[in-house]
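The numbers here are math on the coordinates, done by the rules we state, and not lab data. On a predicted model such as this, the values are computed, not experimentally measured, just so you know. Note: ideal-geometry Cβ built from the backbone for every residue, glycine included; neighbour counts use all protein chains shown.
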Amino acid sequence: MEDSNLFIFIIEVLGTIAFAISGIRLAAAKSFDWFGAYIVGLVTAIGGGTLRDLLLGIPVFWMQSWMYLSVTALSLITVIVFRKALVKGMRTLFIFDAIGLALFVVVGIEKSFAAGFPAWVAIAMGIITGSFGGVIRDILINEEPLFFRKDIYATACLAGGLVYWFVMLVAGSPILQQASCGLTVIGLRVAAVHYHWSLPILKVDPKDLPDENKS
């Protein structure tokens, strides 16, 4: 395995662990059984990457190695063993979700460039890779997807992708590009929660709705 491919593989595995724990942790809070929690963790970890690979027309990443299914199982065991520390409080969920988000944005961008796509496609794939698994997770646990709320979530992915592209144009250092992108995503997520940043909510006056949409 080439060094660049090995690096992307390691990032994907680490991102899988982080996202799987965040998904399993939420499933545990909803009192899912072990199998249900595993499925939620798995789709959280592989959902975005699966859609990305299908759109890019490349082999789906988790079908190339059993490692992703295995590390999700290990993530489930970790949550079972350390459930008191991992299930209580939102801080733990936030940490793993932010790390997984940052790692997967980097992977999405890297794979898109490797497949020969331009920067705007790479940034879009970074957003999809980082966000779409969480959308599926929230739907499965019957929560409003974080992606569609006012939280700085997809916006953090977009900012990370733009920073990656800017550093690529200015410095041309792969490590600096990846680090800058990841730190931007995590930094924005942390700052948004700490300072209560949010995007404006799209509001519509009920009086302006057609009669059939009024309750």
Quick note, the chain: a/c under 1.5 would make it rounded; otherwise a/b > b/c is prolate and the rest oblate (a ≥ b ≥ c, C-alpha gyration tensor); here it is oblate
Defining a contact as two alpha carbons under 8 Å apart and six or more residues distant in sequence, what relative contact order in percent does the chain show? 21
Which whole-Hz couplings ³J(HN,Hα) result when phi for each residue of the stretch 18-28 is put into the Karplus expression 6.51 cos²θ - 1.76 cosθ + 1.60, θ = phi - 60°, listed in order with x for Gly and Pro? 4, 5, 4, 4, 5, x, 5, 4, 5, 5, 5
Taking +1 at the Cβ of each Lys and Arg and -1 at the Cβ of each Asp and Glu, which of F147, L169, V185 sits farthest along the dipole of the stretch 114-210 towards its positive end, judged by Cα position relative to the Cα centre? L169
Nearest 20 debye, what's the magnitude of the dipole of the stretch 3-200 about its Cα centre given +1 on Lys and Arg Cβ and -1 on Asp and Glu Cβ? 500
